[in-house]
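Okay, structure first, notes after.
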Amino acid sequence: MTDLRASTNRTALPLFDAADDAFAAHYAEHGFALLADALTREEVAALNADALRLCRGDYGEIASGGIPEGAEPAADLTDEEVLRRYLCIHYPHKVSPAAREALRAPRIVDALVAVIGPNVKAMQSMLFIKSEGKPGQAWHQDEYFIPTRDRSLTAAWIALDDATVENGCLWVLPGSQRRGVIYPARDQDDPRFDCSSEAYDFPYTDDQSVPVEVPAGTALIFNGYLLHRSLENSGRHGYRRALANHYMSAESLLPWQPPGPGEHMAIADHRDIVLVAGEDPYAWKGIIDVATPGSRPDKDGGCDR
Ligand SMILES: O=C(O)CCC(=O)C(=O)O
């Protein structure tokens with residue numbers, strides 16, 4: 001396996017121009033691959049403008065894990081103050097036209113088809129704002145939270161600002177997807193991280209990890225079993241915004257929510273999905289629209305538990 005630690009400078013991770021065979025081979029080996037210019041400058045600007053509208057409540061209320069009752073109304077706050085209130089908003093695609101469009105961005109869909117197969121559905125989006133001083137997320141695997149039946153969970157993490165070590169870019173453990181093992185997770189109180197749990201007991205060390213420093217508009221496509229984390233936006237670096245969308249093969253059921261009454265667990269299949277490529281073999285079940293935007297709790301310097 002190629003050792004990517006030798007190339008941890010700001011430009012050395014390969015940035016692919018297209019989702020070609022080399023892109024797919026890099027993904028298969030390392031569990032991730034970088035797609036250049038996945039979104040245009042205008043699409044990035046539209047997403048950042050919608051981020052502000054979301055935080056201002058222009059698209060409706062954001063169920064909040066972080067804003068105390070009786071907090072000042074958004075209308076009385078500056079843009080900076082209002083953006084600082086949110087570390088991450090889940091399901092922006094439910095209300096933001098720019099986020100909905102980004103879910104189907106053609107270059108990203110090409111990349112997903114290259115690594116998943118012809119039939120691809122999306123089930124979640126997350127908009128990270130990560131203002132100065134805001135925490136990152138501890139080591140985790142996305143399939144721990146969103147299980148598929150065929151290990152096809154794939155993230156498209158799109159930088160909406162240039163992502164750097166200083167402003168809290170993602171870090172990955174290359175190849176950690178290969179064993180196909182879901183590692184245990186526990187609560188943590190590390191001030192570098194928000195309230196999300198941390199994976200532990202895996203056979204890799206922090207010094208094997210690689211920072212993913214990329215220009216805005218780049219998509220990091222990564223496997224749901226890949227261990228990854230981000231550190232805090234260490235201050236005076238503006239925002240480190242990113243849109244993280246999650247996809248899987250349309251052939252797999254999605255046992256993400258408990259089965260309905262009288263439904264056997266083995267056929268649980270959450271249907272709040274968006275087909276982005278090919279055909280949905282379960283179209284006969286219909287689609288539901290139940291998720292609404294919400295934010296996760298955090299505070300400057302860790303979790304507000
Ligand atoms: O963007 C970040 O800081 C963390 C994102 C992440 O861990 C994820 O999308 O699973």
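Readers should treat all values here as calculations from the given coordinates under stated rules, not as data from a laboratory. All of these numbers come straight from a predicted model, not from anything done at the bench. Cβ sites come from the backbone with ideal geometry, for glycine too, and all protein chains shown count toward neighbours.
Kindly put Phe16, Phe145 in sequence by how many other C-beta atoms sit within 10 Å of each C-beta, fewest to most.
Listed from fewest to most nearby Cβ atoms, that is Phe145, Phe16.
Given +1 on the Cβ of Lys and Arg, -1 on the Cβ of Asp and Glu, and no further charges, what dipole in debye does segment 30-295 carry about its Cα centre, rounded to the nearest 20?
Computed about the Cα centre, the dipole is about 500 debye.
Less than 16 Å apart at the alpha-carbon level, and either on another chain or at least 8 residues along: which aspartates and glutamates does that give for Lys285?
Within the straight-line cut-off, Lys285 pairs with Glu251, Glu263, Asp269, Asp272.
How many nm separate the modelled label positions at Asp187 and Glu72, each set 7 Å beyond the Cα in the direction of the Cβ?
3.2 nm
Take every Cα-Cα distance within segment 101-161, group them into 10 Å bins from 0 onward, and report for each bin the whole-number percent of pairs it holds.
16, 47, 30, 7, 0
Could you give me D for the chain, from Stokes-Einstein at 4 °C and 1.567 mPa s, where the hydrodynamic radius is the Kirkwood radius over C-alpha pairs? Units µm² s⁻¹, please.
D, rounded to a whole number, is 66 µm²/s.
Taking segment 233-294 as the region of interest, what is the percent of Cα-Cα pairs per 5 angstrom bin, listed from the shortest bin to the one with the maximum distance?
4, 13, 20, 21, 13, 9, 6, 7, 5, 3, 0
For the chain, modelled as a GNM with alpha-carbon contacts under 10 angstrom, which of Ala28, Ala71, Ala199 fluctuates the most?
So, out of Ala28, Ala71, Ala199, the one fluctuating most is Ala71.
Sorting Met248, Met265 on the 10 Å Cβ count, fewest up front, what's the list?
Met265, Met248
If you average 1/r over every pair of different alpha-carbon atoms in segment 55-150 and take one over that average, what Kirkwood value in Å do you get?
15.9 Å
In segment 10-124, if the dipole is taken from +1 on Lys/Arg beta carbons and -1 on Asp/Glu beta carbons about the Cα centre, which of Ala36, His26, Val115 is farthest to the positive end?
So the residue furthest toward the plus end is Val115.
Per-residue ellipticity at 222 nm for the chain, helices alone: DSSP H runs ≥ 4 residues times -39500 (n - 2.57), over residue total, nearest 500 deg cm²/dmol?
-5000 deg cm²/dmol
As a test of the definition: which semi-axes, in Å, follow for segment 27-74 when you take the square root of five times each eigenvalue of its alpha carbon gyration tensor? Largest first, please.
After scaling each eigenvalue by five and taking roots: 33, 17, 7 Å.
So what J values fall out for segment 193-209 if you push phi through Karplus, 6.51 cos²θ - 1.76 cosθ + 1.60 with θ = phi - 60°, rounded to Hz, Gly and Pro as x?
Couplings: 10, 7, 6, 5, 6, 10, 6, 8, 6, 10, x, 9, 10, 4, 6, 8, 8 Hz.
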